[in-house]
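Peer 1: Please find one structure pasted underneath; my questions will follow.
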Amino acid sequence: MRVWAMAQTVCVLLDATDGARLAAIARDRSRLLKPTQRACIVLLSAERLSVQDVARRAGVSRPAVWRWQRRYTKAGVEGLLRV
């Protein structure tokens, strides 16, 4: 059986506060990898890159990009920091 998944589209818009906070998290080398990677995913998504490009540049899968885009739109920056 084949299952076809339609591409998911999430539009990520950042305000100045969230953008600055995510940029600081992405640059913070003392943080764990996962929060910095999630911040990077959202920042790249806000640049209107394709999901494939975001995944490639962040070093994650496309489903991971969709997951963290959705989490950010629902829970904001704090949602990216939770495990």
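Since every read-out is calculated from the coordinates, none of them should be taken as a lab result. These numbers were taken from a predicted model, which means no experiment stands behind them. As a convention, Cβ positions derive from the backbone with ideal geometry for all residues, glycine included, and neighbour counts pool all protein chains shown.
Peer 1: Helix-only mean residue ellipticity at 222 nm, the chain, DSSP H runs n ≥ 4 weighted -39,500 (n - 2.57), per residue, nearest 500. What is it?
Peer 2: That calculation yields -21000 deg cm²/dmol at 222 nm.
Peer 1: Counting only Cα atoms, I'd like the Rg/Rh figure for the chain, Kirkwood definition for Rh.
Peer 2: 0.98
Peer 1: Could I ask something else about it? Among Gly76, Gly19, Trp66, pick out the residue whose Cα is farthest towards the positive end of the charge dipole of the chain, where Lys and Arg carry +1 and Asp and Glu carry -1 on C-beta, about the Cα centre.
Peer 2: The Cα lying farthest towards the positive end belongs to Trp66.
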